[in-house]
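Student: This structure is in structure tokens; I'll ask about it shortly.
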Amino acid sequence: MKIIGAAVLTLLVLLPARWQLGMTATNDPKTQKVVDASGNLRVPADYRTAYQFLGSWAVAADQSQGSKEIHAVYASPGASAAYRKNGRFADGSVLVKEVFEATSGAMTTGTVSHAQNLKGWFVLVKDSKNSHPGNKLWGNGWGWSWFDAANPSKTTSTDFKADCLPCHEPARATDWIYVQGYPALKQ
């Protein structure tokens, strides 16, 4: 009886560890709603309530005071804690960036900008294992996709190297993510 009990206990300890080791970006429970078997991404429906807010960016207006865009960024459950622990995002981590058209105006505190109209989302899924080598939206350790506000289930991106990397090149040293703008990642 003790041998059976020890065997069962060993299985209960080893099976979850084995399951964790074999997980990829497409079979990780936290990304199942975001990535299909072919590596196609979509905007997770519950990101505003289920994900952690990381931070925001204000993109300065070209010719006037204030901002032309506001970017609000969210991370899937556990992504921030893993980053704080290891200094990197774990495989399966999902980042969602909302991109809003901004409007600016005078207030008692001065000229301020705020989000006005949603333009779309940028969705990233961490994948150091290169789970979708034939999909042009996966590479450099991430799945990459832009979605227009009118259609959160169909990306307009066709190739991450042309559509995404040019903007992320300055963040190459931090795994393509501008981590300095996210207070939740600081230890």
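The values are calculated or read from the model by the stated rules, or taken from the named source; none is laboratory data. Fair warning: this is a prediction, and the values are worked out from it, not measured in the lab. When we count neighbours, we look across all protein chains shown, and the Cβ atoms used for this are built from the backbone with ideal geometry, even at glycine.
Student: Mind checking which residues of the stretch 142-156 are buried (at least 19 other Cβ atoms within 10 Å of the Cβ) and part of a loop (DSSP other than H, G, I, E, B)?
Tutor: Thr155
Student: Ok, one more. For the subset of the stretch 118-133 comprising residues that are touching a residue at least 12 places away in the same chain (Cβ under 8 Å) and in a loop (DSSP other than H, G, I, E, B), which member is nearest to Ser157 (Cα to Cα)?
Tutor: Across the stretch 118-133, the extreme among qualifying residues is His132.
Student: Return only the number of the condition from (1) crowded, with 21+ Cβ neighbours inside 10 Å; (2) within 16 Å of the chain's Cα centre (by Cα) that His132 does not satisfy.
Tutor: Unmet condition: (2).
Student: I'm trying to understand the selection: among the residues of the stretch 58-106, which are part of a loop (DSSP other than H, G, I, E, B), in contact (Cβ under 8 Å) with a residue 40 or more places away in the chain and of a type in the set (A, V, I, L, M)?
Tutor: The answer is Ala61, and nothing else.
Student: Follow-up. Answer yes or no: is there a residue in the stretch 91-98 that is charged (D, E, K, R), modelled with pLDDT under 95 and in contact with a strand residue (DSSP E or B) (Cβ under 7 Å, 6 or more places away or on another chain).
Tutor: No: zero hits.
Student: A further question on this structure: Scanning the stretch 165-178 for residues that are hydrophobic (A, V, I, L, M, F, W, C) and in contact (Cβ under 8 Å) with a residue 24 or more places away in the chain, which turns out surrounded by the fewest Cβ atoms within 10 Å (Cβ to Cβ)?
Tutor: Here the residue is Leu165.
Student: Here's another thing I want to ask about it. Would you pick out the residues in the stretch 37-57 that are surrounded by fewer than 17 Cβ atoms within 10 Å (Cβ to Cβ) and not polar (S, T, N, Q)?
Tutor: Ala37, Ala45, Asp46, Arg48, Ala50, Phe53, Trp57
Student: Looking only at residues that are polar (S, T, N, Q) and either part of a strand (DSSP E or B) or buried (at least 20 other Cβ atoms within 10 Å of the Cβ) (or both) in the stretch 107-117, which one is farthest from the chain's Cα centre (by Cα)?
Tutor: Taking the candidates together, the pick is Thr111.
Student: Hey, among the residues in the stretch 118-129 that are among the charged types (D, E, K, R) and either surrounded by 22 or more Cβ atoms within 10 Å (Cβ to Cβ) or within 14 Å of the chain's Cα centre (by Cα) (or both), which one's nearest to Tyr83 (Cα to Cα)?
Tutor: Lys126
Student: Yes or no: Ala61 modelled with pLDDT of 50 or more and of a type in the set (A, V, I, L, M)?
Tutor: yes
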